[in-house]
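The values are calculated or read from the model by the stated rules, or taken from the named source; none is laboratory data. Keep in mind it's a predicted model, so treat the numbers as computed, not measured. When we count neighbours, we look across all protein chains shown, and the Cβ atoms used for this are built from the backbone with ideal geometry, even at glycine.
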Amino acid sequence: MVYEGLADLFYSPQIIGILVILIIWEIVWKGIALWRAAKNNQPAWFVCLIIFNTVGILPILYLAFFQKKRPEKVLKKRK
């Protein structure tokens, strides 16, 4: 049967390893982006990041381009 070959593919160690790596990748980026969105008081981004699983693409885009930038005064006070 055709489905047996497909089932064997999903239980192969290589596929499981790739899935584990992608899950860890997503958790790390999503965690960082969620923390920043909450800290920057951006609830729309927070909700989007929670709902959509994009294998780290959306969190990376948020962190690179859309998060609020801190004023220089705040950065200097923290040092």
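Quick notes on this structure:
- Taken over the stretch 20-31, the criterion of being of a type outside the set (D, E) and buried (at least 16 other Cβ atoms within 10 Å of the Cβ) is satisfied by W29, K30.
- Residue, modelled with the lowest pLDDT, within the stretch 32-75, restricted to residues that are on the phi > 0 side of the Ramachandran plot and surrounded by 12 or more Cβ atoms within 10 Å (Cβ to Cβ): V55
- The stretch 42-62: number of residues that are in contact (Cβ under 8 Å) with a residue 24 or more places away in the chain and not hydroxyl-bearing (S, T, Y): 7
- E4 vs. criteria modelled with pLDDT of 90 or more, charged (D, E, K, R) and assigned to a helix (DSSP H, G or I): no
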